[in-house]
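Step one of this worksheet: look at the structure below.
Every read-out reported here was derived from the displayed coordinates using simple, explicitly stated rules and does not represent laboratory data. Note that this is a predicted model, so its numbers are computed, not measured. Using ideal geometry, Cβ is built from the backbone for each residue, glycine included, and neighbour counts are taken over all protein chains shown.
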Amino acid sequence: MSLRFEPRLTRDWDDPSVIGLEGYVAKGGYQGLSKALAMTDADIVEVVKSSGLRGRGGAGFPAGMKWGFVPRDTGKPTYVVVNFDESEPGTCNNRELVERDPHRLLEGMAIAALAIGCETAYLYVRGEYLWQSVVLERAITEAYAAGHLGPDVQGSGKRIDAVLHRGAGAYICGEETALLNSLEGLRGQPRLRPPFPAVEGLFASPTVINNVETLMNVPDILVRGADWFRELGTEKSPGTKMVTVSGKVERPGNFEVPLGTPFRVVLEELAGGVLGGRTLKAWTPGGSSTPMLTAGHLDVRLDYESLAEAGSMLGTAAIMVMDETDCVVDCATRMVRFYAHESCGKCTPCREGSWWATRVLERLEDGQGQEADLPIMRDLGTNLMFRAFCALADGTASVINSSLQHFPDEYEEHVRLGGCPFKVEHLEEVSA
Amino acid sequence: MTVFEGPVRSDADSILARYPEAHRRSAVMPLLYLAQSVEGSVTRDALREIGALLGITTAEVEGVASFYTMFRLRPTGTHVISVCTNLACKLRGAEAVFEEAHEASGVAHGAELSDDGLFTVHEEECLGVCDFAPAVQINFCNHDNVTPERMRELVAGLRAGEVPSPARGPAFDSFRAASRALAGLEEVPSA
């Protein structure tokens, strides 16, 4: 299969002028906003609903439905919050989307604001994306000067203000209710739902929180229509998706593909195959929190439903590739240590479970593992899954469960050998 | 000692103006960045003063400050070197880069900073530059595809008073300068 399609989100990536307002407008920018201004709120929601656009930040919830949940008769203001806290290990497509095309995000955000009658939108940017936050600030300044944001958007009399807020290094703030707490000046810990943010979100007011890539799809949907959007992708996963490929590949990078593209095409055609011509061992389809898959899953299609069928998730479509020389136990240890570090501490299964799992994995990798450690890991995996306050612990459990499911022999070998079977070979290779 | 006085107090006021009057507490993170830019880390004085500015307790401010890794509550070097060792970077050799960051900068494992006060080294979770792994930030400026050799050069450059050019965006010449930009107060020059 060869990948031929008209790129959408990346179509202007070879033109650095679109970073500025003039270049963006020359390419048709801010026409989606004009179109939205001529429509009713309900019609904007409707076109996004019928496009089938699903949230690109991990959960895959239909964006139009999310907008439709916002009550308009509460007497409170409504808010749009842009989730640019991209922190899922292996994921960096939002970073590049903003670096190369910041106005498309602002336009999508402004359209979302119109759809729910919001006058102040907040952009939550992870702190480590300092440069990208500056790119966005400049774009915001330009958009205000040109009247695409501010008190009188494109002469419509409608107001949309944009406030940029920087995070400070906490993965959990990508979880939307934790993000809201962070934005309100609290510790970034998730909130109990219900109430859902659509009803009681930022400052206890109705709020829509959307991922960067989700919003960047919106301007084209307004200009070209829902049917056009559905021309690529699958019935249940319409459109394209940005995928990040990293780890052991020849050409790591961010690529746009129609949803439903087989992993094989992404790996071989876009990422240039496994590094050094080695053999694929394992890969995460959607960041470290999605269950890892194997070389037996090369032909799995990258979309919400196919990956669910394969026992994993599309997540953020962050593909991290491990080859035959990489130790699955070692990789799982590093991923689980991440969740232990990033656990917000609010609930016991996550706070304690990720910590204990890290200890057990570290001793297995260090050659001090025992037979009993494998059932302990299975038990931890089972007890973490769907039993914590938020989905962070499901990520921990997914690493544990999927690595045990697909590579039980490797765990057993660590116990049998009293050490990591990959360490010596790996060391020789590095020094060679 | 008063942290928020004179021009720093004016900066704090401009930060407070970003948020609705009824929700001043939202300003706590940028105010912590501002304090960090003035003092090189977040001191107890700063925690207390931010609490007073926002009408919340020192403990509540500390609760926020201690939650996030980018606020430093302990002594901090002039430059902060952040090395991602999460999976995408680990698979491309990040652990050796992290070791070299300690070796070259003279920061012992577990220590807050080097004896000369120049460096702090952080092991980072994913920095979102998996396409150019191993990813490193110096004062929150990106350096791509960093090898141990490159790490040695970067540290030697900083020691010699040079500011290494980042992979994207302009360079911040210290952790304090970067913290000021993180507070949203800096006119950042083009790269």
Check your understanding: Most mobile of A:Thr74, A:Thr382, A:Thr316 per a Gaussian network model of chain A (Cα springs, under 10 Å)?
Key -> A:Thr74
Practice item. For chain A, calculate the relative contact order in percent as a whole number, restricting contacts to Cα pairs under 8 Å that are 6 or more residues apart. Key: 15
**Study point:** Estimated dipole of chain B in Debye, rounded to 20 [Cβ of Lys and Arg +1, of Asp and Glu -1, Cα centre]
**Key:** 380
**Study point:** chain A, Rg to Rh (Cα coordinates; Rh as Kirkwood inverse mean 1/r)
**Key:** 0.99
Check your understanding: What is the mean number of Cβ atoms from other protein chains located within 10 Å of the Cβ atom of each residue in peptide B:20-31, rounded to a whole number?
Key -> 4
Study note, to complete from the structure: Contact order relative to length for region B:7-65, counting C-alpha pairs under 8 Å separated by 6 or more residues, stands in percent at 27
**Study point:** Value of relative contact order over region A:328-431, rounded to a whole percent, pairs C-alpha under 8 Å and six or more apart
**Key:** 33
Review point. Could you give the dipole magnitude of chain A about its Cα centre, charging the beta-carbon of Lys and Arg +1 and that of Asp and Glu -1, in debye to the nearest 20?
Key: 1060
Review point. If the cut-off is a Cα-Cα distance under 22 Å, which lysines reach A:Lys248, setting aside same-chain residues fewer than 8 apart in sequence?
Key: A:Lys281, A:Lys423, B:Lys90
Study note, to complete from the structure: Note to self: Kirkwood Rh of region B:57-191, Cα pairs, one decimal, Å, is 15.2
Check your understanding: Cβ under 13 Å from B:Val8's Cβ, B:Val8 left aside: what net charge do those residues give with Lys, Arg +1 and Asp, Glu -1?
Key -> -3
Study note, to complete from the structure: Expected max-MSF residue from B:Glu95, B:Glu162, B:Glu123 in the GNM of chain B (alpha carbon, under 10 Å) is B:Glu162
Point to revise | Charge sum, other residues only, whose C-beta stays under 11 Å from A:Glu200's C-beta, Lys/Arg counted +1 and Asp/Glu -1 | key: +3
Exercise for review: For every helix of n ≥ 4 consecutive DSSP H residues, a contribution of -39,500 (n - 2.57) applies; sum these over the protein assembly as shown, divide by its total residues, and give [θ] at 222 nm rounded to the nearest 500 deg cm²/dmol.
Suggested key: -12000 deg cm²/dmol
Point to revise | Cross-link reach list, lysines versus A:Lys158, counting only Cα pairs under 16 Å and skipping chain neighbours closer than eight places | key: A:Lys35
Review point. How do A:Ser156, B:Ser26 line up, fewest other C-beta atoms within 10 Å first?
Key: A:Ser156, B:Ser26
Practice item. Give me the net charge of A:Ala178's neighbourhood, meaning all other residues with Cβ under 12 Å from the Cβ of A:Ala178; Lys, Arg count +1, Asp, Glu -1. Key: -1
Revision key, fill the gap. At R0 = 56 Å the Cβ-Cβ FRET efficiency linking B:Asp115 and A:Leu298, nearest 0.05, sits at 0.60
Study note, to complete from the structure: Result for chain B, cysteines with no Cys Cβ partner under 4.7 Å, is B:Cys126, B:Cys130, B:Cys141
Revision key, fill the gap. Restricted to chain A, the DSSP antiparallel beta bridge percent, nearest 5, is 45
Practice item. Could you check which residue among B:Thr58, B:Thr78, B:Thr69 shows the biggest mean-square fluctuation in a GNM of chain B with a 10 Å Cα cutoff? Key: B:Thr69
Review point. Taking other Cβ within 10 Å of each residue's Cβ, how do A:Glu268, B:Glu60, A:Glu371, B:Glu124 sort, fewest first?
Key: A:Glu371, A:Glu268, B:Glu60, B:Glu124
Revision key, fill the gap. Rounded to the nearest 0.05, FRET efficiency between B:Glu99 and A:Asp366 (Cβ-Cβ, R0 22 Å) equals 0.80
Review point. In which sequence would A:Val25, A:Val300 go, from the one with the fewest C-beta neighbours within 10 Å to the one with the most?
Key: A:Val25, A:Val300
Check your understanding: Using 0.36 nm per residue, how much length does the chain from A:Ser17 to A:Val223 gain when fully extended, once their Cα-Cα distance is taken away?
Key -> 72.0 nm
Check your understanding: Which of the peptides A:175-184, A:225-234, B:4-13 is most tightly packed, and how do the rest follow, going by the mean number of other Cβ atoms within 10 Å of each residue?
Key -> A:175-184, A:225-234, B:4-13
